[in-house]
Structure formats: C-alpha cells, structure tokens
Ligand SMILES: Cc1cc2nc3c(=O)[nH]c(=O)nc-3n(C[C@H](O)[C@H](O)[C@H](O)COP(=O)(O)OP(=O)(O)OC[C@H]3O[C@@H](n4cnc5c(N)ncnc54)[C@H](O)[C@@H]3O)c2cc1C
C-alpha cells in the first residue's frame, strides 16, 4: 500500500520506456475529480483514445501502476489526464488530492491502438461515456475539432448529477459537427426533459446514430455501464465489430 505521504516524497525513476512528466497545472473537474496537465519531454504525442500507464514509486521502492486515458491528442509533449478519486484506492486519491504543479510522475505510452479515432475516418461517430469514461472521448472530440473533420459526431454523456460532469464548459460550447446529449442518473436539473436514471435502450434509440448509418461507436466508463450499453447497442442492430469499448474497472 502506497500512502499519500510516501508517494509525495517518492523520487521518480526513468526506467526503460518510462518518461518523467512534470505537472504544469491541475483543474477541478467535479467534487471528486480533477484534470492534470503534464509536460512530458520525449512523449511525442498520441492518437485520440489512447491511454498511458502512470507509475508512482514510494521511498521503499514499492511501485503502483495504473492506466489513465489521455484527454489530449496530437503531436505534443503536453499530456492531459483526468482522474476520479476512489476513496479507498491506492493511486487515484494521490493524483486527485495531492499532486501539485512542479511535481513529477512517471508515464509510459501512449498505449492502445484499438480504441482510437483518427481524422482520416469519415463515417459518423457515436461516443457514449459514463463519468470519467468521457476522458478518451474528449480526446476524440478535440482531435475532431482540431482537424476540421466534417465527420458527424454525437456524444451521449451519462453522469450522476450536473456537478459530476467532466469538461462541462467545453462540452457546452457549440462545436461544428458535434451534438451532445446529457443523461443524468441520480439528479437532473429542474425541468430537464429526461427523468433521472441509467441509460436505457430508449435513450440510445432517441439520441444515438442509428445502426443503419453504420457509425463507429466508442463506449467508455465503468465496466457495468459499458457492458449494459454495448448489449443495448447490439440489440438495436449495431454491428458488434463497430462497437468499441473501454472498461475502466469496477463492478
Ligand atoms: C485503459 C484504462 C483507462 C483508464 N482511464 C481512467 C481515466 O481516464 N480516469 C480515471 O479516473 N480512471 C481511469 N481508469 C481507472 C484507473 O486505472 C484506476 O483503476 C482508478 O483510478 C482506481 O485506481 P486506485 O489505485 O485509486 O484504486 P485501486 O486501489 O486500484 O482500487 C480500489 C477499489 O476500487 C475499485 N475500482 C477500481 N477502479 C474502479 C472503477 N473504474 N469503477 C469502480 N470501482 C473501481 C477496485 O476494484 C477496488 O476495489 C482507467 C482504467 C483503464 C483500464
């Protein structure tokens, strides 16, 4: 078990493919999450949707490694992560509560070549995220905007309450070729047209691209969320080969 104190004092070690990232800034995203911008010399950029391994090393040599999706994309040594805190977790409380500008952590990557979107793709894209599962989808949204792609993009974003949305102001800024639908599971704003509740098949019928359009579909979030949504999509006629999923863990 790595304590917060131990990890704060831990000197990073450059081993093999590991890069040392320096925290440039952090920002509160939700009451339990924040985004972290790192300067990672030698990183060289990433494709939208990829993730990195983050390694913390305690003074006694104990190491903890966790995967985190990259919210940024493109050829840059700047990497943005966004981490939700699991109160009993080993790594996420440190990243959310303790990491400060100037601190160093180790990163390996970018990793993953399946759950990615490239600007050369022209088909409609349906993104479906739950909670912190927005992170790799955000990289796709940003890559889409930066490239000037005209591929139609839709996002269905499920969060517990309005306060639990990551990147809210950016997602609420109108962007060409991106439609965003919000789904609240516990508490919706007053007058919201949809009752609070988990994403159901009817939500997908109402706001996702139809299977007949052969969209590329990316689903990301906690394991249970991803499995439920993927099952609904297949039941609605989506080709399982075109439904790509990324599970962040948990029940
Ligand atoms: C490819 C990939 C990308 C990921 N990207 C992100 C990201 O961008 N942002 C982010 O916040 N997390 C992300 N995760 C999850 C992350 O890797 C850690 O699992 C999470 O931060 C918890 O780590 P921890 O050390 O704090 O908790 P741990 O000490 O590993 O676990 C604490 C407890 O929480 C449970 N748990 C772990 N993860 C979850 C979960 N997602 N949902 C419910 N229970 C869980 C464990 O089963 C355990 O019981 C990603 C995971 C994967 C595989």
Considering Cα pairs under 8 angstrom that are at least six residues apart, work out the relative contact order of the stretch 58-216 and quote it in whole percent.
20 percent
Relative frequency of Cα-Cα separations exceeding 27 Å in the chain, percent
36 percent
Using the count of nearby Cβ atoms within 10 Å as a rough guide to exposure, how do 118, 244 rank from fewest to most?
118, 244
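So what is the 222 nm mean residue ellipticity for the chain from helices alone, if each DSSP H run of at least 4 adds -39500 (n - 2.57) and you divide by all residues, rounding to the nearest 500 deg cm²/dmol? Can you show the working numbers first?
Values: 5 runs with 45 residues, N = 251.
It comes out at -5000 deg cm²/dmol, rounded to the nearest 500.
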Theoretical FRET efficiency, 1/(1+(r/R0)^6), r = Cβ-Cβ of residue 98 and residue 205, R0 41 Å, to 0.05:
0.40
Rounded to the nearest 10 degrees, what's the angle between the helix 223-235 long axis and the longest principal axis of the chain, both from Cα atoms, 0 to 90?
30 degrees
Please find, in a Gaussian network model of the chain (springs between Cα atoms separated by less than 10 Å), the residue of 198, 168, 108 whose mean-square fluctuation is greatest.
168
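If neighbour count is taken as other Cβ atoms inside 10 Å, put 69, 212, 35 in order from fewest to most. Intermediate values should be presented prior to the final figure.
Working: 69 28, 212 8, 35 19.
So the ranking, lowest neighbour count to highest, is 212, 35, 69.
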Give the relative contact order (percent, whole number) for the stretch 125-249; include only Cα pairs under 8 Å separated by 6+ residues.
29 percent
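Suppose the chain between residue 163 and residue 120 were pulled fully straight at 0.36 nm per residue; how much longer would it get relative to their current alpha carbon spacing? List each step's numbers first, then the result.
Numbers: separation 43, 0.36 × 43 = 15.48 nm, distance 3.45 nm.
Going from the current span to full extension adds 12.0 nm.
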Rounded, prolate or oblate, given the Cα gyration tensor of the stretch 2-111, with a/c below 1.5 counting as rounded?
oblate
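Counting other C-beta atoms within 10 Å, which of 232, 187 has the fewest, and how do the rest follow? Don't skip to the end; give the middle numbers.
Working: 232 20, 187 14.
Ordered from fewest to most neighbouring Cβ atoms within 10 Å, 232, 187 come out as 187, 232.
Considering Cα pairs under 8 angstrom that are at least six residues apart, work out the relative contact order of the stretch 2-111 and quote it in whole percent. Working shown, then result.
Numbers: 260 pairs, mean separation 40.8, N = 110.
Reported relative contact order: 37 percent.
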Cα centroid separation - the stretch 28-87 against the stretch 212-246, whole Å
25 Å
Segment residue 22-residue 60, extension gain: residue separation times 0.36 nm, minus the distance between their alpha carbons:
11.5 nm
What area, in nm² and to one decimal, does the C-alpha convex hull of the stretch 125-249 cast on average over all directions?
7.2 nm²
Between residue 67 and residue 235, the FRET efficiency computed from the C-beta separation at R0 = 22 Å comes out, to the nearest 0.05, as 0.15
How many nm is it between the label spots at residue 179 and residue 145, if each spot is 7 Å from the Cα in line with the beta carbon?
1.9 nm
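Rule-based calculations on the coordinates, nothing more; no lab input. Everything quoted here is computed from the prediction, not taken from an experiment. Because the Cβ atoms are built from the backbone with ideal geometry, glycine has one as well, and the counts that use them run over all protein chains shown.
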